[in-house]
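K.L.:
Quick one: the structure is below, questions incoming.
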Amino acid sequence: MRRDYVDQGYSPKDTDMVCEFHIEPAAGVSFEEASTHMAGESSIDSWTEIATLSPELAAKLKPHVFYLDEEAKTVRVAYSEELFELGSVPQVLSAVAGNIFSMKIVDNLRLQDITFPKAMLKEFKGPNFGLPGVREIVDVQDRPLIGTIVKPKVGLTSEKHAEVAYNAFAGGCDLVKDDENLTDQKFNGFEKRAELTLKLAKKAETETGERKMYLCNITAPTCREMVRRLNVLKDLGASYAMIDIVPAGWTALQTLREEAEDAGLALHAHRCMHSAFTRNPRHGVSMLLVAKLCRLIGLDQLHIGTVVGKMHGEKSEVLALRDQCVLGSVPADPSQNVLAQDWGGLKPMFPVASGGLAPTMVPDLYSIFGKDVIMQFGGGIHAHPMGTAAGATACRQALEASLEGVSLEEYAKGRKELEAALEKWLKK
Ligand code: CAP
Ligand code: MG
């Protein structure tokens, strides 16, 4: 064995970055051995004893496996902040979410959470707008926001896309966004779509007297092109851009955070592809950590799940994500594998509930999330029997009912849009 990093008497310093891992050693490997090798591989060690690092520096920089619970398969490791480029998410992940997942000595390994030390928080700006800034842009303070995704995901022409968006705005949506796989295809090019849809968003603003936001997807093959698209949106008078955070990657997000501030645009984070590495509870990286990295970098709003919709995500898990988005300081919760995190004044992100939602689910969503949530309905608006505008109206009516504490059935009396939505989606 190389150096032994297990040190259960160690108390993490304020300057340490603390990680919690779920670890399942391979056959014949002890829990302590797997933990110590994993800690070494993610910091200062190699597979065999190396002598290039002086004993003094090794003692200073070594990781400390300070908590082991073999039964729960949990270890916590404290890493000196000196091991990291403090403002670089890619570098931090290359260390503590890098080679270690490939090691033969573990059958399964999952990075559950990281407590970021103050020095690291200071290197990041967090959200520029965040929840309070978004509420100002949209000019809605006292209720959840209602959004939609133009459907189908891909296939509409730019003209049809803009028309569908307009209908959603006219019917009552605050936000309309692109779908994750719509970027700059031949049938619906980025520039044309942005121009036409933003124009109709303005028209809907004039007609309704409400602010109407279009979240155009700027995910692109290169950071340069993504920034160009961001500036196209700025020149067209947009307030927002949307990005697919996992396919685009962490460097793209850090670049975009800087550029979006210069352009004065808020950022909507779509998390598609996250489940490729977050869903297995025994291996990979948690969605909780993805959410924390998004807040650190400074995305303004993030998809966190719905509890009641079509996507995977238990209530406790989704609420842990919500807390990480909105709280100034998150207490430790071992039942959810959550470490304590003081956010050091970084603004909250606006949580987005999306995926398989219908107007009939609004009361449940309101009771789960309260008012600080963006409720996003795709099929649940565009598949309304009377069309997109009526679908959006039904969502607003369902929200009014929830805010007033009236049942949907009661509120639907004399409100044909909600009535039709109940007829279609209410489970009998
Ligand atoms: C929702 C959606 C979103 C998902 C993403 C979709 O449409 O546009 O991408 O919400 O999931 O394509 O499924 P529907 P999550 O309302 O028609 O389902 O928010 O969990 O990341
Ligand atoms: Mg989608």
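The values are calculated or read from the model by the stated rules, or taken from the named source; none is laboratory data. Since the structure is predicted, the reported quantities are computational estimates derived from the model, not experimental observations. Here Cβ is always computed from backbone atoms with ideal geometry, including for glycine, and neighbour counts include all displayed protein chains. What goes into the accessible areas is simple: the full protein's heavy atoms, side chains included, and nothing from ligands, DNA or RNA. Shrake-Rupley method; radii C 1.70, N 1.55, O 1.52, S 1.80 Å.
K.L.:
Select the helices (runs of 4 or more DSSP H) contained entirely in the stretch 212-307, then report the ones holding at least 2 residues which are buried (at least 24 other Cβ atoms within 10 Å of the Cβ), within 16 Å of ligand 1 (Cβ to nearest atom) and within 17 Å of the chain's Cα centre (by Cα).
P.N.:
Working: elements: 223-235, 245-248, 250-263, 275-278, 287-297.
Where helices (runs of 4 or more DSSP H) fall fully within the stretch 212-307 and carry at least 2 residues being buried (at least 24 other Cβ atoms within 10 Å of the Cβ), within 16 Å of ligand 1 (Cβ to nearest atom) and within 17 Å of the chain's Cα centre (by Cα), they are 287-297.
K.L.:
Filtering the stretch 38-90 down to residues that are within 27 Å of the chain's Cα centre (by Cα) and charged (D, E, K, R), which residue is farthest from Ser335 (Cα to Cα)?
P.N.:
Glu85
Residue-by-condition table, conditions (1) within 16 Å of ligand 2 (Cβ to nearest atom); (2) assigned to a helix (DSSP H, G or I):
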| position | (1), (2) |
| --- | --- |
| Gly380 | yes, yes |
| His384 | no, no |
| Ala390 | no, yes |
| Gln397 | no, yes |
| Ala401 | no, yes |
| Val406 | no, no |
| Glu409 | no, yes |
| Leu418 | no, yes |
| Glu423 | no, yes |
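K.L.:
Is there a residue in the stretch 67-75 that is at pLDDT 95 or above, among the polar types (S, T, N, Q), farther than 22 Å from Ala269 by Cα and open to solvent by 20 Å² or more (accessible area, probe 1.4 Å)? Steps first, answer last, please.
P.N.:
First, the residues of the stretch 67-75 that are at pLDDT 95 or above: 67-75.
So of that shortlist, the ones also among the polar types (S, T, N, Q) come out as 74.
Among the residues that remain, those that are also farther than 22 Å from Ala269 by Cα are: 74.
Imposing the further condition that a residue be open to solvent by 20 Å² or more (accessible area, probe 1.4 Å) reduces the set to none.
No: the stretch 67-75 contains no residue that is at pLDDT 95 or above, among the polar types (S, T, N, Q), farther than 22 Å from Ala269 by Cα and open to solvent by 20 Å² or more (accessible area, probe 1.4 Å).
K.L.:
Sticking with this one: Please count how many residues of the stretch 347-364 are surrounded by fewer than 22 Cβ atoms within 10 Å (Cβ to Cβ), under 18 Å from the mean Cα position of the chain (by Cα) and either within 14 Å of ligand 1 (Cβ to nearest atom) or not assigned by TED's automatic domain parsing to the domain that holds Leu408 (or both).
P.N.:
2
K.L.:
Return the total of residues in the stretch 370-397 being within 11 Å of ligand 1 (Cβ to nearest atom) and of a type in the set (S, T, N, Q).
P.N.:
Result for the stretch 370-397: 1.
K.L.:
Can Val176 be described as within 29 Å of Pro348 (Cα to Cα), within 16 Å of ligand 1 (Cβ to nearest atom) and in contact with a Phe, Trp or Tyr (Cβ under 6 Å, 6 or more places away or on another chain)? Show your work before the answer.
P.N.:
Details: within 29 Å of Pro348 (Cα to Cα): yes; within 16 Å of ligand 1 (Cβ to nearest atom): yes; in contact with a Phe, Trp or Tyr (Cβ under 6 Å, 6 or more places away or on another chain): yes.
It is true that Val176 is within 29 Å of Pro348 (Cα to Cα), within 16 Å of ligand 1 (Cβ to nearest atom) and in contact with a Phe, Trp or Tyr (Cβ under 6 Å, 6 or more places away or on another chain).
K.L.:
Condition first: at pLDDT 95 or above and more than 30 Å from Ala97 (Cα to Cα). Can you find one or more residues in the stretch 265-279 that meet it? Write out each step before concluding.
P.N.:
Here is the first cut: in the stretch 265-279, the residues at pLDDT 95 or above are 265-279.
Remaining after also requiring more than 30 Å from Ala97 (Cα to Cα): 265.
Yes.
K.L.:
In addition: Within the stretch 174-207, restricting attention to residues that are open to solvent by 10 Å² or more (accessible area, probe 1.4 Å) and among the hydroxyl-bearing types (Ser, Thr, Tyr), which residue is nearest to Ser239 (Cα to Cα)? If you could, list the steps in order and put the result at the bottom.
P.N.:
Restricting attention to the stretch 174-207, the residues satisfying the condition of being open to solvent by 10 Å² or more (accessible area, probe 1.4 Å) are 180-181, 183-187, 189, 191-192, 195-196, 198-200, 202-203, 205-207.
Filter once more, so that each one left must be among the hydroxyl-bearing types (Ser, Thr, Tyr): 183, 206.
Numbers: Thr183: 18, Thr206: 16 Å.
Ranking the qualifying residues of the stretch 174-207, first place goes to Thr206.
K.L.:
Follow-up. Sort out which residues of the stretch 148-173 are within 16 Å of ligand 1 (Cβ to nearest atom), on the phi < 0 side of the Ramachandran plot and exposed (fewer than 15 other Cβ atoms within 10 Å of the Cβ), and write them in order of number.
P.N.:
Pro152, Lys153
K.L.:
If we scan the stretch 407-422, do we find a residue that is within 16 Å of ligand 1 (Cβ to nearest atom), open to solvent by 20 Å² or more (accessible area, probe 1.4 Å) and modelled with pLDDT of 95 or more? Talk me through it step by step, then tell me what you get.
P.N.:
Here is the first cut: in the stretch 407-422, the ones within 16 Å of ligand 1 (Cβ to nearest atom) are 421.
Checking the rest, the ones that are also open to solvent by 20 Å² or more (accessible area, probe 1.4 Å) come to none.
No: the stretch 407-422 contains no residue that is within 16 Å of ligand 1 (Cβ to nearest atom), open to solvent by 20 Å² or more (accessible area, probe 1.4 Å) and modelled with pLDDT of 95 or more.
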